[in-house]
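Report on the following structure.
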Amino acid sequence: MSQKTLLVSIASFLAAAVLALLTALFLVSLVENRTASELREAFAEANMGWTRVEVNGLTATLTGTAPTESARIRALQVAGEVIDASRLSEEIVVPVRTA
């Protein structure tokens, strides 16, 4: 194999690797944005404006201050209707009520 052919092969391989990396980054961003958008829409429809959504890869983290424990559980149910529950992480706070 001549040196020119070797250089063309290496350049082609590197170009393909860069293209694959850029495609992967684009698709990750697309999936994260779509998941976050669908979750936010579901929470808006359920009148749960207190919820916050952050998506990292395939994991969605729910945060916010739920008015009650039942509202926290309902938020998890709503999210579970949009994405698989195994992809959920929640850090929802429920304030302690004093009598």
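What follows draws every value from the coordinates through simple rules; no lab data is involved. As the structure is a prediction and not an experimental result, all values here were calculated from the model. Glycine gets a Cβ as well: all are built from the backbone with ideal geometry, and neighbour counts include every protein chain shown.
Observations on the model:
- Subset of region 20-62 (residues that are touching a Lys or Arg at 6+ places or on another chain (Cβ under 8 Å) and in a strand (DSSP E or B)): Val53, Thr59, Ala60, Leu62
- Qualifying residue in region 71-78 (condition: among the aliphatic types (A, V, I, L, M), in contact with a helix residue (DSSP H, G or I) (Cβ under 6 Å, 6 or more places away or on another chain), assigned to a helix (DSSP H, G or I) and within 30 Å of Thr98 (Cβ to Cβ)): yes
- Members of region 1-17 found to be exposed (fewer than 10 other Cβ atoms within 10 Å of the Cβ) and among the β-branched types (Val, Ile, Thr), listed by number: Thr5
Residue-by-condition table, conditions (1) surrounded by 15 or more Cβ atoms within 10 Å (Cβ to Cβ); (2) farther than 17 Å from Thr35 by Cα; (3) within 13 Å of the chain's Cα centre (by Cα):
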| position | (1), (2), (3) |
| --- | --- |
| Thr51 | yes, no, no |
| Ala75 | yes, no, no |
| Val82 | yes, no, yes |
| Glu91 | no, yes, no |
| Val96 | no, yes, no |
